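Remarks on the structure that follows.
The values are calculated or read from the model by the stated rules, or taken from the named source; none is laboratory data. Computed from a predicted model, the values in this text were never measured in an experiment. Positions of Cβ are backbone-derived with ideal geometry, glycine not excepted, and every protein chain shown enters the neighbour counts. Just so you know, the surface numbers come from the protein's heavy atoms only, side chains and all, with ligands and any DNA or RNA stripped out. Shrake-Rupley method; radii C 1.70, N 1.55, O 1.52, S 1.80 Å.
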Amino acid sequence: MRRLWQMAMIRLARSHRVKAWAQSSRAGTALATRYVAGSNVIEGVACATQLLRNKQIRASLFYLGEYVDTPELVAQNVAAKIAVAMALGHAGLDVHVSVDPTQIGHQLNPAIARQNAFRIAEAIALASQGHGGSHMLMLDMEDQSVTDATLALHNDIRAAGLPVAVTLQAYLKRSANDMNSLIASGATVRLVKGAFAAGADVAYTTRREVKSHSRKLIDLMFSKEAKDAGFKPIIATHDDQLQQYASQRAKEQGWVKGVEYEFEMLLGVRSELAELQASNGERVRLYTPFGSDWWPHAMRRIGENPANGLLLARSLVSG
């Protein structure tokens, strides 16, 4: 059932007709403002500045726009990624930018996506010169068809000495092997549940299975071997039980709170939990989308949690 729901949401995310209708809806746009930090670079960076100044919470900026299939949209996405990197550096913030491979050309030509990813990573390296912080190109992980390509892209960028990290998804059975390889190389990895659909041959399909696998992956991420290798764990979840589990494992293994690992959450989702963690000395970062193309992002959130779909439906009906 969960898989069917996720597949339906992915189809809606990729529907140009539905997206055009939703993004022109007054009620839909009003709902999007809760989860999106404005429509442009200036508003996105302003949100990141306020989060750090007022709540001691960091941000990873994400320009909205995925599954693009025209060179013009790819160029627009890449330009926005580079522009926000430079703006974050100018503001003295973490130059931390999230990127989906499909939004920088993977569907057109993987070689184009690779070239564009290197351009963004180089811009991040340039923008972050001269001030401390956590600066990186964070490669998001999309559906399983691009997993190998995304990992290979991460490895190539890292081999070039550029700041890069990658996301792994707990719902995929392969993630334990991928995690072990990345730990051995001392990489930076963001662990997420995963918002896509896949069969039982390659994925865990129940919430209980995914949560159990998440704990196993967290054990790997906070192991002595990971610490010795210089690995950096990023636990991206809104599940307070998994957050507590990660904090406990970190404490038991001697990881320094607020320095050697961090939690990541979504802008507008369980904000009180993010603020509580930050007040307790944990390093917290919010995945902070900006831009006008918010529909695919919203559908991915709904795919993760059907309750979000009810919230969206109520908002659209009320408008």
Equivalent-ellipsoid semi-axes of segment 216-284, from the Cα gyration tensor, Å, largest first:
21, 12, 10
Hey, with R₀ at 45 Å, roughly what FRET efficiency would Asp201 and Ser292 work out to, going by the Cβ-Cβ distance, to 0.05?
0.75
Can you pull the percent of segment 199-257's accessible area that's carbon plus sulfur, 1.4 Å probe, other chains left in place?
46 percent
Over the C-alpha atoms of segment 151-190, what are the Rg and the largest Cα-to-Cα span, Dmax, in Å?
10.0, 30
Excluding residues fewer than 8 places away in the same chain, name every one of the lysines whose C-alpha is closer than 27 Å to that of Lys224.
Lys173, Lys193, Lys211, Lys216, Lys232, Lys251, Lys257
Using a 1.4 Å probe on the protein heavy atoms, what percent of the accessible area of segment 136-195 belongs to carbon and sulfur?
48 percent
Segment 139-229: projected area of the alpha-carbon convex hull, averaged over directions, in nm²
5.5 nm²
Where in segment 220-259 is the amide nitrogen less than 16 Å from a point lying 7 Å along the Cα-to-Cβ axis of Asn280?
235-253, 255-259
Efficiency of FRET from Cβ geometry, Glu72 and Gln241, R₀ 41 Å, rounded to 0.05
0.40
Computed over segment 81-238, the relative contact order (Cα-Cα under 8 Å, seq sep at least six) in percent reads 19 percent
Taking θ = phi - 60°, what integer Hz values does the Karplus form 6.51 cos²θ - 1.76 cosθ + 1.60 yield along segment 186-203, in sequence order, with x for Gly and Pro?
x, 7, 10, 10, 9, 9, 10, 5, x, 10, 10, 10, 7, x, 5, 6, 10, 9
Using only protein heavy atoms and a 1.4 Å probe, report how much of Tyr287 is accessible, in Å² to the nearest 10.
20 Å²
For segment 81-222, Rg(Cα) over 2.2 N^0.38 Å is 1.08
Relative to the present Cα-Cα distance, how much length would full extension add between Asn54 and His16 at 0.36 nm per residue of separation?
9.9 nm
Glu260 and Ser185 label points (each 7 Å along its Cα→Cβ direction) are spaced in nm at 2.3 nm
Any idea of the accessible area per residue across segment 103-198, 1.4 Å probe, to the nearest Å²?
36 Å²
